[in-house]
Amino acid sequence: MFTDTHSHIHFSHEFPDVEDLIVRAERAQVDHQIIVGCTPDDSYLALEFVKKRSGKNMWSTLGVHPHSANLFTEEVEQKFRSLVLSEPKIVALGEMGLDYFRNLQPKDVQIKTFRSQLRLAKELNKAVVVHVRDAWDDALKILGEEGNKKVILHCFTGDMNIAQECWDRGYYLSFSGVVTYPKNGYLRDIAMSVPEELILIETDCPYLTPQPYRGKRNEPAFVIETAKILAMLMGMTLEEFGKLTTQNAKKIFGWKK
Ligand SMILES: [Zn+2]
């Protein structure tokens, strides 16, 4: 019933107990997951991970995070293209984007890699999973110029004006455990205003653990805590909210069972 749209449970050093954690997720009815890649090699591992579990409702992405933007070469681009064309388990490109907070790569390198991946996604008609931190002006400008229609803003933490600009353009806003933190009332206000058809939920596990598990390693089953808060804000039952967000995820990722 629930979909974790952004999970990194293929990180084997973080999740040596991954099979137990998948069972816990299923028990919590978190039975759909998108496994997101961050570098070329990490993306190939994410793909292998979901292919090994082909009976599960798990799909993967291929992407190069802004922290590793220098790794997106022409060879990588060509490999991504051929994998997307041959592997139905790949449902999006990303994560990709801009991060001027940690600035681990020069801005021009981040921008070039972001634009290249956006163009590849358009060519292949795939959704993009976008990471933005302290870089909203450039990110929105570039997204607008490249014209991608299928856009997911992962772990949305922008302000209300940015949120409005995003949903006016038809972008999806994905909320993580950050929305459960007491100090983040502004995000809960945004969540109450997002058009229903554009809202998604995610863990970004092992990071961003929601209340009341904060301080522990995050895992897909915990996405329920984020769902509980959002369902309450939107005046829905947990079940209705689970169905809504899974339908939304199915629409944007276009997965096939
Ligand atoms: Zn992530």
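The values are calculated or read from the model by the stated rules, or taken from the named source; none is laboratory data. As the structure is a computational prediction, the values presented were derived from the model and not from experiment. Positions of Cβ are generated from backbone atoms using ideal geometry, with glycine treated the same way; all protein chains shown enter the neighbour counts. These accessible areas exclude ligands, DNA and RNA; they are computed on the full protein's heavy atoms, side chains included. Shrake-Rupley method; radii C 1.70, N 1.55, O 1.52, S 1.80 Å.
Determine the pairs where a residue that is under 18 Å from Glu202 (Cα atoms), located within region 36-55, has a partner that is open to solvent by 10 Å² or more (accessible area, probe 1.4 Å) and basic (Lys, Arg) with Cβ atoms under 8 Å apart, the partner being 6 or more residues away or on another chain.
Val50/Lys56; Val50/Lys89
May I ask you to list pairs of residues, at least six apart or on different chains, whose Cβ atoms are under 7 Å apart, with the first in region 1-12 being closer than 13 Å to Glu95 by Cβ and open to solvent by 10 Å² or more (accessible area, probe 1.4 Å) and the second being away from the ligand (no atom under 11 Å from the Cβ) and in a strand (DSSP E or B)?
Here the result reads none, with nothing in region 1-12 linked to a residue that is away from the ligand (no atom under 11 Å from the Cβ) and in a strand (DSSP E or B).
Being at pLDDT 95 or above and open to solvent by 20 Å² or more (accessible area, probe 1.4 Å) narrows it down to one residue among Phe156, Phe72, Phe80; which is it? So that I can check it myself, show each step before the final result.
Values: Phe156 fails: open to solvent by 20 Å² or more (accessible area, probe 1.4 Å); Phe80 fails: open to solvent by 20 Å² or more (accessible area, probe 1.4 Å).
Just one listed residue meets the conditions, Phe72.
Got a number for residues in region 139-158 being within 16 Å of the ligand (Cβ to nearest atom) and at positive phi?
Within region 139-158, residues that are within 16 Å of the ligand (Cβ to nearest atom) and at positive phi number 1.
Among the residues of region 84-117, write down those that are outside any strand (DSSP E or B), open to solvent by less than 30 Å² (accessible area, probe 1.4 Å) and over 14 Å from His65 (Cβ atoms).
Val84
Output the number of residues of region 49-69 satisfying the condition of being more than 12 Å from the ligand (Cβ to nearest atom) and in contact with a strand residue (DSSP E or B) (Cβ under 9 Å, 6 or more places away or on another chain).
Here the count works out to 11.
Scanning for something farther than 21 Å from Leu153 by Cα, in a loop (DSSP other than H, G, I, E, B), of a type outside the set (Asp, Glu) and free of Cβ contacts under 8 Å to residues at least 12 places away in the same chain, does region 15-34 turn up at least one residue?
Narrowing region 15-34 to residues farther than 21 Å from Leu153 by Cα: 15-29, 31.
When the remaining residues are screened for being in a loop (DSSP other than H, G, I, E, B), the result is 15-17, 28-29.
Checking the rest, the ones that are also of a type outside the set (Asp, Glu) come to 15-16, 28-29.
Among the residues that remain, those that are also free of Cβ contacts under 8 Å to residues at least 12 places away in the same chain are: 16.
Yes, there is a match, as at least one residue in region 15-34 is farther than 21 Å from Leu153 by Cα, in a loop (DSSP other than H, G, I, E, B), of a type outside the set (Asp, Glu) and free of Cβ contacts under 8 Å to residues at least 12 places away in the same chain.
Can you tell me how many residues within region 194-213 are open to solvent by less than 60 Å² (accessible area, probe 1.4 Å) and away from the ligand (no atom under 16 Å from the Cβ)?
5
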